[in-house]
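Step one of this worksheet: look at the structure below.
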Amino acid sequence: MTTTMERRAFIGTLAKAGLVLAATSAGVRRLEAFELPHEHGPLAGEWEPSVFLRIADDGTVTVTCHRSEMGQGVRTALVMVMADELEADYATIQLDQGIGDNKYGDQNTDGSTSIRSGSYMKFRNAGAAARMMLEQAAAAEWGVDASAVAARSGTVVHAASGRSLPFARLVARARTLPVPQPVVLKQPSQFRLIGKDVPGYDLRNVLTGKAVFGQDASMPGMKYAVVLHPPVYGSKVAKYDAAAALKVKGVEKVIEIPGAPMPSAFLPLGGLAVVATSTWAAIEGRRKLVVTWGASPNDSYDSVAYRAELEASARAEGKKVRDLGDAGGALAGAARKVEAEYYAPHLAHAPMEPPAAVAKVTGDACETWTCTQNPQASRDTIAAFLKIPKEKVTVHVTLLGGGFGRKSKPDYACEAAFLSRETGAPVKVVWTREDDIQNGFPHTVSLQRLEAGLDASGKIVAWRHRIASPPISSVFAPNQEYHTDSELSLGVLDMPYEVPNVRVEVCKAPAHSRIGWYRSVSNVPQAFAISCFMDELAHAAGKDPVEFLLAALGPERVLDMTKTGTVNPVGNYGAKWEEHPNDIARHRRVLQTVAKESGWGKKLPRGEGMGVAVHRSFLTYVASVVHVKVGPKGEVTIPRVDIAMDCGYAVHPDRVRSQCEGAVIMSLSNALTSELTYKNGRTVQSNYNNYQVLRMSQAPKHTAVHLVHSGGPLGGVGEPGVPPVAPALANAIFAATGKRIRSLPVGRQLAGGPVAVPAGSR
Amino acid sequence: MPSVSFKVNGQRVNVDVPADIPLLWVLRDQLNLKGTKYGCGVGQCGACTVHVKGVPVRSCSTLATSVAGQDVITIEGLSADGTHPVQRAWEELDVPQCGYCQAGQLMTAAALLAANKKPTDADINAAMEGNICRCATYRRIRGAIHRAAELAAAGPSRAGSGAPRDRED
């Protein structure tokens, strides 16, 4: 195998360290997160004080990263955290990428959870406990008190005598010691890595072309395959002719992959696989296949007609999910009523690396290497698809060339495993860009209708929000036709604004494609609708949008999320509200920060405008101001975006900044150019020429990231930058042109050029 | 099946290829040079960018037979030790996120700097327009190109090294 991650070139001097064997001695006791064993005896081999940490007799420290790297920096962050508490030398640490294994706990790299939901403290505890044991070993060696010694970058030092011993000399004794109780963590002032900017762990390999992604994985003797997937969700191969395909030099077999019945969950869509001696032969062979597809209930899916269906759905009363006060009565009695409908289309993840996997099936065992966000789900799904025991499925995780939610779903790894079993050889399945855009798990389409009442002073007294949007649950279970509470907890049910009468209803929206989560999930359309509507209300009230948002947020306090009038409890990204409250002070602070830093309120030339939005997601608070310039033909340029993020504490501040920089542009792609549409059940777009994402010249000229250090509990980072940017852009376009953007993408809606800015508007 | 001979990173290679195979798949599947990435297959994203005679080309849309007798440089051969000015600048600014598109970005940027020692933002936009980064590291790429121009100017031995160097086999 050549797919084991190569160490960074600049630590090549430690050649003797090599790659540490993953095998561990039976019976080794490990420190689990918050459950520390009290004793363990001397054992041969590496010391493994935690499932995430091993220290070899020669002092080599190996950290296991159990989460998938897709650009968010987890492989860097988790090594930093462990190295800091352990007082190991960051530059010499070995990194092992964990296979899918329940011993690591949750490995689903999703929901911006890797740092916030446990790993940070697990890694700190493991590192600190091992460090204390090494210190105690040194103290015993020297016959001094443990409090008189301190670990420092791979050695333990006795300052009074100037003596020091490297970890290598202490491992044998340390491992026999009882695990310290309590484990004493560093004070933040003692951090040498956490909270500092450290070069990315994989940086050198990326810059020299050595980094191994799923598309690069290989096994000796492997075959290459591409799959012709059904063009319509639910369709199956009716008949086919493979003769021409088989004539392509290098094509060896054409194999039908059985498609799972709808709802197909994470299982393959089915289709025809072309197995060949090279990727190109497989691609060429696929072009020559002649297939007749069977009928599907989704054959008539048409995005234009479906939008009309969603509009009709949202214009009638739906199912009540939140009912606070009397929204209907308050709307009727309001001094001023405002209503608007917002549409956000399906989106494709389109990570630069299309999905890929290589698998080798031997008997009832399967070994696979793949770019997956979720190795445990990959293991379990392969086992289910092949009907083999999941204990016999080993899933190795490569680097991911982007994920954005797509690579949480292991259908492509199942294809590779299936084809390996059918051919008796290792098989690499390569998804082409067309497969990725046309046969993925598109982000949901959403139509939202909002109505609000303002009193004479411009205060919001009534709010009615209807959502018609196919739910992700539709890919797992039948008859799922309404946006779910968990999706509504992404911005709708947890909406922070102080409104006494609120009603939220979900309206019927049956799915006609697979639906999957996409970076920040339903926050994308829901933040768009709510934050654009807030801007409309600000203008209706004759208020400055920032002042209006601050007034609607109300005074600094923690919201009681049990008294919102929801039918079911409001979700909080898997966290407890007591630990991660909906904190108005933090909303206000990011909003005030971004307003100040962006120069909000300054006079701009005609055709330019600024828009603002604030949104909490994944336990992190983000506000954004977009400065837009709309040219005479409606062409949009973006001189500047400001984004302020309060994620509690930034473990790797520069990576938090880069995640924000990327989130800004991904959100602008969502807003300006990206749209996945269907006609006759098939996706219209196929590649980057017609599924457009922003390029360098369209990106903001300046992006200013402002990290707000609240010291609050840790929030997510990868996703929460996305939601507020698109609505801030739409609001900026209104400020610049007087035209409301209520439907995404902006596309050519401004092609008529800017209209006159209405009197009283900014 | 035609046989094609060309130089990759200074090494002469001779491979049997189908007449219509793009250079990308020869590099990746036959020559095991996997630093050059597949992103779209239709010349839209730039992930597969390599230099042919010093000019950046999309290897997914370049017939392998068309590079016969020519010098091809891939990311593996951009520099002997990873110290080309663009690599150093990319490292300083910690440009990559997922990293998948960065080989193509680096190759396009290196060719730009070989032709234009002090590119403006507009020059950079024009040169980099064909390279998509879905993580959207554009801000840092732009900054790193400016920085690489400074590094190249400061180190005359490396100035303009974006062009393939003469390496005789």
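What follows is calculated from the coordinates using simple rules that are stated; it is not laboratory data. From a predicted model like this one, the values you see are computed outputs, not experimental measurements. Note that we place each Cβ from the backbone using ideal geometry, even for glycine, and neighbour counts take in every protein chain shown.
Amide H to amide H distances under 5 Å link A:THR372 with A:THR398, where only residues 5 or more positions off or on other chains count and H is placed in the peptide plane. Beta bridges assigned by DSSP with both partners in the protein assembly as shown are antiparallel in approximately 75 percent of cases. Peptide A:210-216 shows a mean partner chain C-beta count of 5 within 10 Å per residue C-beta.
What you get for segment B:85-158, charging only the Cβ of Lys and Arg (+1) and of Asp and Glu (-1), is a dipole of about 40 debye around the Cα centre. Across peptide B:71-82, the average count of Cβ atoms from other chains found within 10 Å of a residue's Cβ is 2. Think of each Lys and Arg Cβ as +1 and each Asp and Glu Cβ as -1; about the Cα centre, that makes the dipole of the protein assembly as shown roughly 1360 debye.
The string of couplings for segment A:231-238 from the Karplus curve (6.51, -1.76, 1.60, θ = phi - 60°) is x, 10, 4, x, 7, 10, 5, 8 Hz, one whole number per residue in order, with x for Gly and Pro. What whole number of Å gives the distance from the Cα centroid of segment A:430-444 to the Cα centroid of segment A:539-578? If you average the Cα positions of each part, the centres end up 36 Å apart. Any of B:LYS7/B:LYS37; A:LYS392/B:LYS37; A:LYS337/A:LYS563; A:LYS337/A:LYS701; A:LYS122/A:LYS596; A:LYS459/A:LYS563 with alpha carbons more than 29 Å apart? Name them for me. Beyond 29 Å between Cα atoms: A:LYS392/B:LYS37; A:LYS337/A:LYS701; A:LYS122/A:LYS596. Within straight-line reach of A:LYS253, meaning a Cα separation under 16 Å, sit the following aspartates and glutamates at least 8 residues removed in sequence or on another chain: A:ASP241, A:GLU284, A:GLU415, A:GLU422. Computed across segment A:129-221, the Kirkwood radius stands at 16.2 Å (inverse of mean 1/r, all Cα pairs).
Sort the following peptides by mean Cβ neighbour count (other Cβ atoms within 10 Å, averaged over residues), highest first: A:65-78, A:595-608. The partial results should precede the final answer.
Values: A:65-78: 27.1, A:595-608: 15.1.
With the highest mean Cβ count within 10 Å placed first, the list reads A:65-78, A:595-608.
Seen against the Cα atoms of chain B and their longest principal axis, helix B:138-154 is set at about 80 degrees.
Principal-axis analysis of the Cα atoms of chain B puts helix B:102-115 at an angle of about 70° to the longest axis. Computed from backbone phi, the HN-Hα couplings of segment A:348-361 come to 9, 5, 6, x, 4, 8, x, x, 7, 7, 10, 9, 9, 10 Hz, rounded to whole numbers (Karplus: 6.51 cos²θ - 1.76 cosθ + 1.60, θ = phi - 60°; Gly and Pro given as x).
Counting Cβ atoms of other protein chains within 10 Å of each Cβ in B:100-106 and taking the mean gives 6. The listed peptides A:452-461, B:33-42, A:734-743, ordered by packing as a protection proxy, come out as B:33-42, A:734-743, A:452-461 (highest mean of other Cβ atoms within 10 Å first).
Length, then width, then depth: along the principal axes, the Cα atoms of chain A run 81, 74, 46 Å.
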